[in-house]
1. List B:107, B:260 from most exposed to least, where exposure is judged by having the fewest other Cβ atoms within 10 Å.
2. Magnitude of the Cβ-charge dipole of the protein assembly as shown, K/R +1 and D/E -1, about the Cα centre, nearest 20 debye?
3. When the Cα atoms of the stretch A:220-267 are enclosed in a convex hull and the volume is divided per residue, what value in Å³ results?
4. Determine the gain in length on full extension of the stretch residue A:255-residue A:6; use 0.36 nm per residue of separation and subtract their C-alpha separation, reporting nm with one decimal.
5. For the stretch B:63-78, take each phi angle, set θ = phi - 60°, evaluate the Karplus expression 6.51 cos²θ - 1.76 cosθ + 1.60, and give the result in whole Hz per residue in order, putting x for glycine and proline.
6. Around residue A:200, which amide H atoms from residues at least 5 apart in sequence, or from another chain, sit under 5 Å from its own amide H, with H modelled in the peptide plane?
7. Rounded to the nearest 5, what % of DSSP beta bridges with both residues in the protein assembly as shown are antiparallel?
8. Find how many whole Å separate the alpha carbon centroid of the stretch B:302-323 from the alpha carbon centroid of the stretch B:155-209.
Amino acid sequence: MRLLSSRRRHPAAKALLLVAALFVIGAVYAAVAPTEQSAAEPNTSQQVTKGKELFSVNCSSCHGLNGEGTSQGPSLVGVGAAAVNFQVSTGRMPLARPGAQAPVKPREFNDEEVAALAAYVATLGPGPAIPNASQYSTDGLTDEEIARGGELFRTNCSACHNFTGRGGALPGGKHAPSLVGVSNLHIYEAMLTGPQQMPVFSDQVLPSQQKRQIIAYLDSIHQEPNHGGLDLGGLGPVSEGIVGWAIGIGCLIGFAIWITARGARAR
Amino acid sequence: MSTSSGTSGVGGETHEEMNPEQQIAREDYAGHDMPVHEPAHPVPDPGVEEHIPRLTDVDQAAADRVERQVVTMFMLVPVTAVLFVLSYYLIPRDSFVDFGPLHASAKHVALGLTLGIGVLLIGLATQQWARQLMANNEIIEERHPGHSPADANEEAMNQLTVGIDESGVPRRKMLIYSALGAIGILAAPALVLLTDLGPVAGPNYRRRTFETTLWKEGVRLVNDITYTPIRPEDLEIGQLVNGVPENLKDLTGAAFNDAKAKAPIVIVRMNPADIKIPADRKDWQVAGILVYSKICTHVGCPISLWEQQTHHLLCPCHQSTFDLADSGKVVFGPAARALPQLPIKINDEGFLVARSGFPVPVGPSYFERDSRKDLGQSGEYR
């Protein structure tokens with residue numbers, strides 16, 4: 001202490017004190033300031049530029065140079081970042097060839113490129129943003145809420161996706177995909193944006209809390225152990241009937257042939 | 001007849017191959033003075049196939065080998081039984097077996113396999129025993145005439161006549177009339193019970209029950225399950241909402257189920273430029289938001305399989321397809337009538353409400369249904 005008090009009138013003391021105060025303020029700001037945007041915000045314009053480049057090369061042949069749509073593909077004005085993230089990160093887009101429906105396939109872009117494309121398309125018009133983890137996380141939901149999610153799923157989704165989310169057929173070669181193994185984020189984005197033939201389930205009508213419940217219900221039924229052995233796709237009587245007829249009756253026919261066969265004779 | 005005598009000759013030769021008892025039985029039968037009607041065959045009767053003994057009939061070593069096989073299979077059955085009991089007690093319930101597409105409880109797989117193999121072994125062993133070791137000879141059993149002898153018929157008729165005489169009915173007719181009357185009157189209680197199948201669905205009854213729903217003017221459209229009311233600005237183009245009338249919330253039990261079987265709706269929003277709206281339905285929609293009954297007009301399945309790009313609503317039961325952008329007309333499938341549309345409007349608080357009830361009865365067809373206000377398959381009013 002004596003050292004500090006004896007040096008307090010030193011010519012450098014004011015300057016040193018100022019530096020120390022700045023340092024403390026900076027440290028406090030760094031601790032308190034929101035950190036989430038700090039990584040993304042400064043890059044936004046760069047991201048949009050990169051996204052536009054990727055878009056021009058990979059998407060514009062069908063969706064138009066400015067995403068305005070052509071006879072080959074719909075307009076992307078107002079579809080939002082969520083739609084881009086869903087379509088591109090599940091590999092549905094870019095489409096390999098025209099068909100009844102864009103199938104899931106290995107993705108062509110990494111996370112950074114998908115984010116850039118999404119950021120660019122989001123600038124074309126207001127649309128749903130990519131949901132954050134708190135919207136689709138199923139943590140902390142009670143059993144009652146998960147059961148409510150089941151009710152909502154059976155009312156709104158089971159007509160196409162089957163009541164355990166195994167998917168189903170649609171007219172004209174289209175299909176509603178199975179939801180087994182689909183990430184929570186993608187299920188949420190699909191409800192939010194209504195990809196392809198799927199209707200939209202907006203957050204105003206089906207709030208994110210209810211979407212979380214639906215996702216939690218799907219997670220819970222897909223994690224259930226299968227005590228019944230082979231589920232044969234869980235499609236109901238069609239696959240079970242085929243196996244029953246082909247393998248079950250086939251075995252019986254085999255035994256019948258063996259029973260009535262004459263076997264080895266003396267000559 | 002020359003061919004038939006020839007065939008019996010061929011058959012006669014093979015009789016030498018039969019065992020003695022069989023031959024005696026056949027001769028006994030032939031000894032009866034039964035009329036023999038040999039039908040004329042286009043192809044001569046080849047008779048009984050020549051008997052060739054099995055390998056196990058002539059080769060003692062082969063027979064012993066089969067015996068060993070059968071005994072081994074029978075002796076493996078106790079092994080599977082013991083394994084079954086052991087699996088029951090020793091395999092923990094939460095252990096699983098993963099084999100290709102199979103992901104199942106190890107205990108259940110073990111129980112099924114041990115018991116199944118045990119039963120299969122018993123079956124295989126008995127079959128092998130029967131095929132290889134039990135007696136092996138072809139047997140002919142001739143068909144006997146189906147009718148009874150004439151004297152038996154006569155005797156039965158005599159007994160019946162005697163029975164009727166002894167009952168006293170020919171002399172005292174009142175007996176049989178009163179008995180028949182007593183039995184006949186018991187039909188009345190049964191008929192009374194059958195009226196519970198009714199009531200007969202007359203016009204008033206139909207109007208009160210399955211021709212009306214909970215919808216009437218001013219009833220708010222709410223989400224199914226959550227009962228949250230809906231504002232038009234909540235709906236995006238391409239959105240589908242499974243809805244019910246708000247007053248459904250007040251019902252419970254059977255009344256709830258009755259009402260919910262008729263009242264559900266699908267609310268869809270489409271780009272107004274894509275929709276064809278007839279002149280008399282101009283004010284049934286709000287900014288491209290259209291509401292239809294969710295109950296298929298074919299046999300009444302609930303439908304919500306909607307393709308937002310084609311605007312087609314597909315019934316999962318029999319693939320009836322309705323075009324919601326064109327007054328719900330049938331574009332495919334067995335349904336005969338368009339899906340009933342519910343007229344809607346916005347109330348003072350900005351919520352979607354019904355403008356009236358359904359203008360036509362919802363749900364499947366029935367004989368007495370007045371279909372004059374329905375849109376038919378061709379689009380004209382029928």
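Here, each number is a calculation from the coordinates, and none is a lab measurement. All figures in this text were calculated on a predicted structure; none of them were measured in a lab. Note that we place each Cβ from the backbone using ideal geometry, even for glycine, and neighbour counts take in every protein chain shown.
1. B:260, B:107
2. Values: 53 positive and 66 negative charges, 846 e Å.
Its charge dipole is roughly 4060 debye.
3. Values: hull volume 4.5 nm³, N = 48.
Per residue, the Cα convex hull of the stretch A:220-267 comes to 93 Å³.
4. 78.8 nm
5. Those phi angles translate into 4, 5, 5, 4, 4, 4, 4, 5, 5, 4, 5, 4, 6, 6, 4, x Hz.
6. Here the answer is B:239, B:240, since their amide H atoms fall under 5 Å of that of residue A:200.
7. Values: 37 of 38 bridges.
In the protein assembly as shown, DSSP labels about 95 percent of beta bridges as antiparallel.
8. 52
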